[in-house]
Structures are given as structure tokens and as C-alpha cells.
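The block underneath contains the structure these notes are about, expressed in C-alpha cells.
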Amino acid sequence: LTNPSEMAWRTDIPLTRVVLYKHGVASFERTGQIVGESVMELQFKASEMNDVLKSLTVVDQSGLGTVNSISYDNDNPVERLLHETPMTLRDNDILPAFLSSVKGTLITVQTGEGTTVKGTVMGVTKTDKRDQTFHDLAIITAQNEIVSVRLDQVRNLRLEDEILQKDLTTHLRTLCSSRKKDSRKLTIYTSTAPGTAADVKRRISLAYTIVSPCWKVSYRIILQSERDDKGEGGAKADSAEGTTCTIQGWAIVDNISDEDWNNVELVLMAGNPHSFEFDLLTPKYKRRRTEVESDDDEPRHAVANAARMRPRRMIESRAGIRNVMPTNMLQQMPPQIMQQQMPQQM
């Protein structure tokens, strides 16, 4: 995977075509140029994400690149997302709380005096002196020396663990996105095809269908009389020679998006295509069965399945039970096979 900082970020893929339908949906098409390994970001309302996930298409029209992946903000509860990155960030004492939650992490600390200490976090202690509170960071170095650093003297702190750095970035982004409750970000990652120059320009197009107000139409009828001015000495005599009728039809379109439709091809469709709603945004979890061993080491669900088996019909002869066969199998077997399956009388 490429480092996101080395990618070209684009958030302004221009809108080029809008198709409005009479039954309340609209198709949007965006076309633009990208270079190299590019990342495109789009913002949608939370209520639009299900339709976007259902209809989004991304095509590299130049054929010189590929679409690697698409990420989006789902409806997973914020508490669940923050639980995946177990770290504490409090407003009052953010640095002590954070360092206390990442014990065992390798860090490098630089103080205002120019001293640099590299080691593993052991913990943070709190000391109250003369109505003031001080926090001391305990670090164990590679030489097994325990060093105490006053946090108010720390000027630079670097996390040496790359995974923890990513977790911290994810944690902060989750907190930021939780404030935008009605906004969801969709990110598209693309790359150039093998053997293609990294700086080649590629044309990419995106299309998606979301809910939109129905377009409306209003008609006007204009009646106009044709008159010829006649007369002498400036006098005008009117003589009606006919009347013309003009019919005007006005389409009323509501743009409820956050961007203007400039230089956009607008298409109004009177058809009623099939459309439905389906929840693709909300993560779905399925509960699994818990297996419990019985006393005879046989899974308990196997015994339960045996109890749910269909009733069997027993074929008896003078010597007793000779064959046992399910009822549905007996009903489907031809008479010839049925006779062969019947046991001979003793």
C-alpha cells in the first residue's frame, strides 16, 4: 500500500451531468483528470449513503489505471469504533492520560533543555505541590535505566510504534467524524497500471444515484393579437387580423445539494424506472451458535438435529422389523424398486 501522504488528493471532481427522474431520484455523473496514484474524496449526507453504495460506479476511461479500493464512513457506533483503538484523550490532561493508556510503548522524548530520552513508557505519576499539579513520566531505557521526565518540560514527543501512530490517527478521525453526524465521507483510491508512467494524466468518471426532489412542470398560454396601424395625420385605426397562441412550458428543478450546477448537462426524464431502498450502510452482525460438549463428547447440536428428523415408516414382516426408510422416500420410489426394497418373508 502506498503512503497516503505520497498520493495526490482531489476533492473537486467536477459535476458534468445530472439526470432527474419524476419518481424522486437523480443520477449524477462526475468527470475529471487525475495523475498517478490519486485519492478522491466525496461528501454525502448520511441518508444518501445507502443509495450511493448501491449505485456507485467508477471507471478509468483512459485505460491506464485501476481503482484499488473505496472506503467510507459507516454507521458503526462511535463507542464501538473508539473501543478498537484503546487510548484515552481527555481535555484537561490530554498528554498524561494518553501516555498512561499506552504503557509499554517505545517513545522518544525531547525536553526544553535539549535532553533526549528514548525508552519504553512505564507510566505517569501525579504530584501535588503548593496548589500545583505536576506529572512525571517514567521511562525505562534500553540500558535498563529508569528515567523520570517532567511532562511540563517536554517539548517534543515521538511515537516509535507505527501501528500506534495509525491507531492515534484513526482515533482522532473518528472523533472528528462523530461531530458531523449528517455527513459521510467516501474515499476512492486509484493507481496507474503496471508499465505506465507515474505522471500520466488519466480521465476518470464517477456515477451514482441518490434521492432528489421530483422535477415539476408549469405551463403558460399567451394570447397575442396582431394589429396593423392605419390612418391619416397620425391617427391609428386598429383592425384585428388574427390572434396568435404561444404555449410555454417551464421545468422547475430543486437543487438541494451544496454545490452549484454550473456547466452541467441537465436531463429531465418522465419515465418511472424501478427503484428500491436497501440498507447497505449499517454494519450487520450475526450471532453464532455456541457448541457445548456433552458427557459422551458428542456435540449437543447433533442430538438436537436428530430429534428434529422426519418421522419414519417402519416396514414389518412376520419376523419383525426388517427395514426402516423415511416416509418421503417411500412415496417417491417406483413400485418396482419398492418391491425390491421390501424384505422377503421368512
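The values are calculated or read from the model by the stated rules, or taken from the named source; none is laboratory data. Note that the structure is predicted; figures quoted are calculated from it, not measured. For neighbour counting, all protein chains shown are included, and Cβ atoms are generated from backbone atoms with ideal geometry for every residue, glycine included. Please note that ligands, DNA and RNA were not included when accessible areas were found on the heavy atoms of the full protein model with its side chains. Shrake-Rupley method; radii C 1.70, N 1.55, O 1.52, S 1.80 Å.
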Of all residues in region 58-93 being assigned to a helix (DSSP H, G or I) and among the hydrophobic types (A, V, I, L, M, F, W, C), which is modelled with the highest pLDDT? LEU82
Only one of ARG220, ARG184, ARG203, ARG158 that is in a strand (DSSP E or B), modelled with pLDDT of 80 or more, of a type outside the set (Phe, Trp, Tyr) and surrounded by fewer than 11 Cβ atoms within 10 Å (Cβ to Cβ): ARG220
For region 250-299, name all the residues that are open to solvent by 70 Å² or more (accessible area, probe 1.4 Å) and polar (S, T, N, Q). ASN262, ASN263, ASN272, THR290
Filter region 24-62 for residues that are surrounded by 18 or more Cβ atoms within 10 Å (Cβ to Cβ), more than 21 Å from TRP261 (Cβ to Cβ) and out of contact with any Ser or Thr (no Cβ under 7 Å at 6 or more places or on another chain) and give the result. MET49, ASN50, LEU53
Within region 94-122, considering residues that are among the hydrophobic types (A, V, I, L, M, F, W, C) and in a helix (DSSP H, G or I), the one surrounded by the fewest Cβ atoms within 10 Å (Cβ to Cβ): ILE94
Between residues in region 155-176 that are under 16 Å from GLY104 (Cα atoms) and residues that are in a helix (DSSP H, G or I), which pairs lie under 9 Å by C-beta distance while being six or more apart or on different chains? LEU157/LEU95; LEU157/LEU99; LEU159/GLN165; LEU159/LEU168; ASP161/ASP167; LEU168/PHE98
